[in-house]
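The values are calculated or read from the model by the stated rules, or taken from the named source; none is laboratory data. Note that the coordinates shown come from a computational prediction; the quantities given were computed from them, not determined experimentally. No Cβ is skipped: glycine too gets one built from the backbone with ideal geometry, and neighbour counts run over all protein chains shown.
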Amino acid sequence: MSWRVGVDIGGTFTDVALVDEETGQIGIAKVPTTPRDFGQGVVQALSIALQEHAIAANDVSLLSHATTVVTNAILEGKGAHAMLVSTKGFRDVLELRRSSRPSLYDLFQDAPSLLVPRYCRLEVNERLDAAGEIVTPLDEGDIDAIIDFARANKIEAIAVSLMFSFLNDVHERRIGEKLRAALPDVPVFLSSEVLPEIREFERASTTAVCAYVGPILESYLRRLEAATGDMGLPKLYVMGSSGGVFDVAEGLKMPAMAIESGPAAGVIAAALIGRQLDKPNLLSFDMGGTTAKASLIKDGLVETTSEYEVGGDGNANRWMNGTGHPIRVPVIDLAEVSAGGGSIAWIDPGGSLKVGPQSAGAEPGPVCYDAGGTMPTVTDCNLCLGYLDSKALLAGRLAIRADKAIAAIQEHLATPLGISVDAAAAGVLNVVNASMAEALRIVSVERGHDAREFSLVAFGGAGPMHAAELAAELGIREVIIPPIPGGFSALGLVATDLKRDYVKTHFTPLAAATPDAVNAAYGEMEASARQMLKAAKIPEADWVLERAADLRYGRQAYELTIPARSGPVTNETLTELADQFHKKHYLTYGHENREEAIQMVNLRLTAIGRFEKIKLSHSAGSGEDARKGSRSVWFRQGGRVDCAIHDCAKLGVGSEVSGPAVIEAVDTTIVIPPGWQARMSDAGHILMENNNAA
């Protein structure tokens, strides 16, 4: 018997999902996240999971992990003491940025804090022209000065980003050779290795991000590798932001790939559920302890984007430009808001009710956890309104204090607002639901899709509590609650493939592009990809290399990515690219111009190492009476009612529950408002339908 194991760190809990490769049967384990040492919680969760499910370490065939280390280091400003090496005259590229701003009329808005302070940004005398030809030779003495500075200032990582190095990396390679020889313990990131792509600011920013988080990520993963190795577990893989895993060595070459590691895993799991239920059009909704994430799956395909900013408001608002640090790596297209079970509710100086972005997180957690929290959170409000069991969660393993939650709501919200505790708690849910509905609109309506044509897949520990209200807000008729929703992102870690993305600028008018030159560029990337797949010990029969090209009309500033067929590039291949570009431009922007010249900008390659596909299976309950009692629950449709409470573990295949009702599972609580009907499917999914929807 072989098992696949995925472990995901959340804002409140660390989740482990286990899947039997033969039967598809799944299991889950949850422990509180340990913010002071995330690895401690991961090891604890793995130990409990293996013990509870009686799995020997040598029976684990795949171990995958989603980490928040990279994102947290940037958000908290706790990255490495890094330096940036640039061409003479370009040390301020990180501050000059682009002209885009999140608020057009705010003259006092601040740019995100700099990852590399100015005194740590050094220049070298060298210059290439726009064709990659050497104009000014590299001054070797400047490299020696950089080495002396790094030693004197105890620099922990170095980023090197020179002008036009994406066309000719001879100077960057020479700098890298000397720095790595003189400073063997200091990681050096060359932009020509990290991102050999046009656009100076984005390339420098991505390289600087890698240097800023690289030492922290390496320390964390090396310690975790050692700990899991001591447990007898197999090689550790890490989830990347584009929806595939990579091995530790590959990730340390490009730490920016680990941005949005956990959220990406949840979307991959949602896509898997869609394939099994034959529902290709889904809205993925993940609400955990600190944030809520939304993504769209169309025709079974997960959308990715390379326009992403991390840090500042950009991390919470994916659709805003100019708020964070750009990284030009493929990221699953997510909208993310600071709205989770641990989000703190508060009243601003003007007397308005606010929720987040501050979060109680795992420590101290919501007030009801009785671990030191004093400010009311979304979880406390859900408890107050009757959605959660007033005595314990996690099948009784987590005792809670409803009286403390109610007292906190009374003190900090109800009394200042002059309203009842129920009204204050309901107001908090209205505010947080509005924020999460906006995220769902961003990935659907504002991307040109009709949300009513999609089903909502809701997961995360808090997602199923809010899903029906959000679906009603967007006119969505069906909500799908998958098995183990509280650990669903961890499930995505065992249902993906090894994946690595490569890019190389090939700047030329498409009409002037030659098959030989394009073949050579793809060949260079494919050689690197094959080397990576071989090092990861993926059988050659399971290698997949997918090509694409970034194209734009000649007078445009930004590109569309067009898939390209494999095999030798011919003139026919280039003609197909042009035709597909015109069609995608029309679908994206509503118009095309076949008389306009097309500019080729970048060539892309995605290297995939296929893991054997699995089919998930989750046994429904025995079908015996699942009703476990009743309690007073507040609903927007009519206030408090005496509501039936059901045990999810006892719901058999075909079991139906009519709202108003609550279904309690070990890892989540599902709220069924009046007018909604829930049914247990034969695969262990709870399908909810709004009988009042048009």
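Does GLY350 satisfy the criteria of being at negative phi, assigned to a loop (DSSP other than H, G, I, E, B) and in contact with a helix residue (DSSP H, G or I) (Cβ under 6 Å, 6 or more places away or on another chain)? No; evaluated as a whole, the condition is false for this residue.
Would you list the strands (runs of 3 or more DSSP E) that sit entirely within the range 249-346 and hold 3 or more residues that are at pLDDT 85 or above and either within 28 Å of VAL31 (Cβ to Cβ) or not polar (S, T, N, Q) (or both)? Show your work before the answer.
Working: elements: 282-287, 292-298, 308-310, 325-327, 334-337.
Of the strands (runs of 3 or more DSSP E) lying wholly inside the range 249-346, those with at least 3 residues that are at pLDDT 85 or above and either within 28 Å of VAL31 (Cβ to Cβ) or not polar (S, T, N, Q) (or both) span 282-287, 292-298.
Among the residues making up the range 540-591, a single one is among the charged types (D, E, K, R), at pLDDT 90 or above and part of a loop (DSSP other than H, G, I, E, B): ARG565. Do the conditions hold for SER2, that is, is it surrounded by fewer than 18 Cβ atoms within 10 Å (Cβ to Cβ) and closer than 16 Å to SER64 by Cβ? Yes. Can you confirm whether ALA360 is surrounded by fewer than 23 Cβ atoms within 10 Å (Cβ to Cβ) and either closer than 25 Å to ASP15 by Cβ or of a type outside the set (Lys, Arg) (or both)? Judged against the criteria, ALA360 is not a match. Within the range 670-687, can one find any residue that is surrounded by 21 or more Cβ atoms within 10 Å (Cβ to Cβ), over 30 Å from VAL428 (Cα atoms) and outside the structural domain of ASP15 (by TED's automatic domain parsing)? Yes: the range 670-687 contains one or more residues that are surrounded by 21 or more Cβ atoms within 10 Å (Cβ to Cβ), over 30 Å from VAL428 (Cα atoms) and outside the structural domain of ASP15 (by TED's automatic domain parsing).
Among the candidates GLU438, GLU411, which residue alone is within 30 Å of THR588 (Cβ to Cβ) and surrounded by fewer than 19 Cβ atoms within 10 Å (Cβ to Cβ)? Lay out the reasoning, then the answer.
Working: GLU411 fails: within 30 Å of THR588 (Cβ to Cβ).
So the residue among GLU438, GLU411 that is within 30 Å of THR588 (Cβ to Cβ) and surrounded by fewer than 19 Cβ atoms within 10 Å (Cβ to Cβ) is GLU438.
In the list GLY356, GLY372, which residue meets the criterion of being more than 22 Å from SER630 (Cβ to Cβ) and in a strand (DSSP E or B)?
Values: GLY372 fails: in a strand (DSSP E or B).
Only one candidate passes the filter, namely GLY356.
For the condition within 19 Å of the chain's Cα centre (by Cα) and closer than 14 Å to HIS65 by Cβ, ALA292 does not qualify. When you check ARG594 against the structure, is it of a type in the set (Lys, Arg) and free of Cβ contacts under 8 Å to residues at least 24 places away in the same chain, yes or no? The answer is yes for ARG594. THR87 meets all of the listed conditions (1) closer than 26 Å to LEU498 by Cα; (2) modelled with pLDDT of 90 or more; (3) not aliphatic (A, V, I, L, M) but one, namely (1). Does SER161 count as modelled with pLDDT of 95 or more, polar (S, T, N, Q) and under 15 Å from LEU84 (Cβ atoms)? Judged against the criteria, SER161 is a match. Every test in (1) free of Cβ contacts under 8 Å to residues at least 60 places away in the same chain; (2) more than 31 Å from the chain's Cα centre (by Cα) is passed by SER566 save one, and that test is (2).
Okay, residues lined up against (1) modelled with pLDDT of 95 or more; (2) within 27 Å of LEU577 (Cα to Cα); (3) part of a helix (DSSP H, G or I):
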site: GLU438; (1), (2), (3): no, no, yes
site: ALA472; (1), (2), (3): no, no, yes
site: PRO483; (1), (2), (3): no, no, no
site: VAL494; (1), (2), (3): no, no, no
site: ARG500; (1), (2), (3): no, yes, no
site: PHE507; (1), (2), (3): no, yes, no
site: ALA511; (1), (2), (3): no, yes, yes
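Check whether at least one residue in the range 174-186 is among the β-branched types (Val, Ile, Thr) and modelled with pLDDT of 95 or more, and report yes or no. It would help to see each step written out before you state the result.
Initial filter on the range 174-186 (among the β-branched types (Val, Ile, Thr)): 175, 186.
Next cut, modelled with pLDDT of 95 or more only: 175, 186.
Checked the range 174-186: at least one residue is among the β-branched types (Val, Ile, Thr) and modelled with pLDDT of 95 or more.
Hey, could you check the range 524-544 for residues that are exposed (fewer than 13 other Cβ atoms within 10 Å of the Cβ) and small (Gly, Ala, Ser) and say which is farthest from ASP169 (Cα to Cα)? It comes out as ALA541. Does VAL428 satisfy being among the hydrophobic types (A, V, I, L, M, F, W, C), outside any helix (DSSP H, G or I), touching a helix residue (DSSP H, G or I) at 6+ places or on another chain (Cβ under 6 Å) and at negative phi? In short, no.
Could you tell me whether the range 232-248 includes any residue that is of a type in the set (Lys, Arg) and either in a loop (DSSP other than H, G, I, E, B) or outside the structural domain of PRO326 (by TED's automatic domain parsing) (or both)?
Scanning the range 232-248 turns up at least one residue that is of a type in the set (Lys, Arg) and either in a loop (DSSP other than H, G, I, E, B) or outside the structural domain of PRO326 (by TED's automatic domain parsing) (or both).
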